Amino acid sequence: MASTSQPLRGKRTCKKIFWAVFPHACFILSLVIYAFLGALMFSHIEGNRKVNLSEEYRKFLQSLWSISRNLSDNMTENEEIFKERIHGLLSTAERDWFVNPKDIWTFFGSLFFCCTVFTTVGYGNTYPVTRIGKYLCMLYALFGIPLMFLVLTDMGDILATVLSKSYNEFRKLQSKILASKLCSGSTCNKGDELQSRAQSKVVVSEPLTIMEVLKIQPGIKRKPIKYRNAEIFEMLIARENERTKPARNKSIERWSSCPELARGKTMSRVMENFDKIGKQLEKLDVPIVLMVLVIFVYISCAAAILPNWETRLDFQEAFYFCFITLTTIGFGDTQLEHPKFFLFFSLYIIIGMEIVFIAFKLGQDRLIAFYKKMISFCGEKKMPSKKVYPK
């Protein structure tokens, strides 16, 4: 019986773990599939567009040709004028004149663009040019941004649970260290004496045995001795049988007799997991200074790794780029040479955006509490004092 119950318990544990992880995996998998579908769509539409040389492009080439012909042999005389004319001419140029769309809208380039859309970063380096691409970009963002925020909220619950437990364990450890430092030799001895006295008092007031309880009952006293002994013996045997009887697993019985009930119970638990999304994030209460420190360390780690493949970035520029990315500002002033390498940082971006989101949420709660205290303080000062009139 024990050998058959162990595999059943193992299967039940695996099922519980699977259905507990299922909502989180479902959201992340949906976002990954959504990003891949968007990459295929935009790479096909924008990458295969035809580049038509417009009249502005011909004027640009004509102006550039005229500037090159008017240059004299002595470059020192016309250097400033040449710089101004070239700078003004290049500012009118468009990038599509010199770049092949297939080189920009590869699968990884399109995937990078989709990530900047639903994360609301929007660097501005890559953008749709065709009318169909612009319409599809609006539709893609309309469904992708809520999905991204759902993933952020779900990941926020996990991160909030980890942060709150870590902070509580740190507080417990801190209190134990302080208690051990404050505890001197004399006070500890007194505490041990008090604890031993309390234990001795507890031993004196132990509960009565079943024999003593049965002897106290008046119903048993009135009976003859032989009937009393037989009844006590039967009650002791019944009590021992109840102890040795193996506990029957009601869920296994329900599953074996009616599997639909077990499946219904499992589905209800899964639905409860979906309904609990965002609850742990609302309960999180850690110091805002701790979250700022976590953000600083988190961005510093990426800023130390990013210059390994982005050679034009140093630590400070990489730190600035990561901060602009995680806060979804996305100016686009810093361009990446290898954006497909940065795609491997997708999990880093999602977790980092989650940390920044939690920090903003805590800051918002602190600001609301501050404004409430300030308004209540001002209201108490402006309230007229009650005058006591003589009777």
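Quick notes
- Ile177 being open to solvent by 40 Å² or more (accessible area, probe 1.4 Å) and modelled with pLDDT of 85 or more: yes
- Among the residues making up segment 118-139, those that are over 14 Å from Met41 (Cα atoms) and open to solvent by less than 30 Å² (accessible area, probe 1.4 Å) are Phe118, Thr119, Val121, Tyr123.
- Helices (runs of 4 or more DSSP H) wholly inside segment 270-375 containing at least 3 residues that are open to solvent by 30 Å² or more (accessible area, probe 1.4 Å) and not basic (Lys, Arg): 288-305, 315-326
- Phe331 being at pLDDT below 85, under 25 Å from Phe149 (Cα atoms) and of a type outside the set (A, V, I, L, M): no
- Residue match in segment 73-86 (condition: in contact with a helix residue (DSSP H, G or I) (Cβ under 9 Å, 6 or more places away or on another chain), part of a helix (DSSP H, G or I) and modelled with pLDDT under 70): yes
- Segment 101-117 residues that are free of Cβ contacts under 8 Å to residues at least 60 places away in the same chain, paired with ones that are open to solvent by 30 Å² or more (accessible area, probe 1.4 Å) (beta carbon under 7 Å, 6 or more apart): Pro101/Arg49; Pro101/Val51; Ile104/Thr126
The values are calculated or read from the model by the stated rules, or taken from the named source; none is laboratory data. What you see is a predicted model; the values in this text were computed from it and never measured. Ideal geometry is used to build each Cβ from the backbone, glycine not excepted, and the neighbour counts take in all protein chains shown. Only protein heavy atoms, including side chains, enter the accessible area calculation; ligands, DNA and RNA are left aside. Shrake-Rupley method; radii C 1.70, N 1.55, O 1.52, S 1.80 Å.
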